[in-house]
């Protein structure tokens, strides 16, 4: 059973990211499941650190983008917004090139808080980062 409170498409999610940090890092949503959303991000000159590996901050941006997007699809968006409260990330492996793929799935979907697990893999399906994102569900201003 799908957890989404509104109809969403990959095209909607990508359009929603236009002119944001996600678009500057070329984060692209590409799959929506019953209880998960996936997006990719290239490992290139915009996302690496001086050692030539994926910047941990870029991984966090990818994780928060995918997790917060999913969180906002699980609420009554006419009356509420989900905003980031806390994020943590464990960087498990480095990656120098290609794409990284983030999958967000819920751990807890409450009335006022949500907790999301975001796992980031490289193109060879090696896990490179494990992130947890806590969202606050607030009334729409």
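For region 36-48, how many residues are surrounded by 21 or more Cβ atoms within 10 Å (Cβ to Cβ) and part of a loop (DSSP other than H, G, I, E, B)?
1
Going through region 119-140 one residue at a time, which ones are outside any strand (DSSP E or B) and either under 12 Å from the mean Cα position of the chain (by Cα) or without any contact (Cβ under 8 Å) to a residue 60 or more places away in the chain (or both)?
123, 124, 125, 126
Residues checked against (1) exposed (fewer than 12 other Cβ atoms within 10 Å of the Cβ); (2) over 22 Å from residue 32 (Cα atoms); (3) touching a helix residue (DSSP H, G or I) at 6+ places or on another chain (Cβ under 8 Å):
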site	(1), (2), (3)
50	yes, yes, no
56	no, yes, no
60	no, no, no
70	no, no, no
75	no, no, no
80	no, no, no
84	no, no, yes
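For region 11-29, enumerate the residues that are touching a strand residue (DSSP E or B) at 6+ places or on another chain (Cβ under 6 Å) and in a helix (DSSP H, G or I).
Selection gives 13, 14.
Residue check: is residue 89 under 21 Å from residue 41 (Cα atoms), buried (at least 16 other Cβ atoms within 10 Å of the Cβ) and either free of Cβ contacts under 8 Å to residues at least 60 places away in the same chain or touching a helix residue (DSSP H, G or I) at 6+ places or on another chain (Cβ under 9 Å) (or both)?
Answer is yes for this residue.
Inside region 122-139, can you point out the residues that are in contact with a strand residue (DSSP E or B) (Cβ under 6 Å, 6 or more places away or on another chain), surrounded by fewer than 18 Cβ atoms within 10 Å (Cβ to Cβ) and under 24 Å from residue 44 (Cβ atoms)?
Within region 122-139, 123, 127, 130 meet the criteria.
Looking only at region 104-113, count how many residues are more than 16 Å from residue 39 (Cβ to Cβ) and either in contact with a helix residue (DSSP H, G or I) (Cβ under 7 Å, 6 or more places away or on another chain) or not in a strand (DSSP E or B) (or both).
Final tally of qualifying residues: 3.
The rows are residues; the columns are (1) more than 18 Å from residue 133 (Cα to Cα); (2) part of a strand (DSSP E or B); (3) modelled with pLDDT under 95; (4) over 13 Å from the mean Cα position of the chain (by Cα).
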site	(1), (2), (3), (4)
31	yes, yes, no, no
52	yes, no, no, yes
61	no, no, no, no
66	no, no, no, no
69	no, no, no, no
93	yes, no, no, yes
99	yes, yes, no, yes
102	no, yes, no, no
115	no, yes, no, no
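Which one of 27, 8 is in contact with a helix residue (DSSP H, G or I) (Cβ under 6 Å, 6 or more places away or on another chain) and surrounded by 14 or more Cβ atoms within 10 Å (Cβ to Cβ)?
Just a single option satisfies the conditions, and that option is 27.
The values are calculated or read from the model by the stated rules, or taken from the named source; none is laboratory data. Everything numeric in this text was worked out from a predicted model, so none of it was measured. FYI the Cβ positions are ideal-geometry reconstructions off the backbone, even for glycines, and counts take in every protein chain you see.
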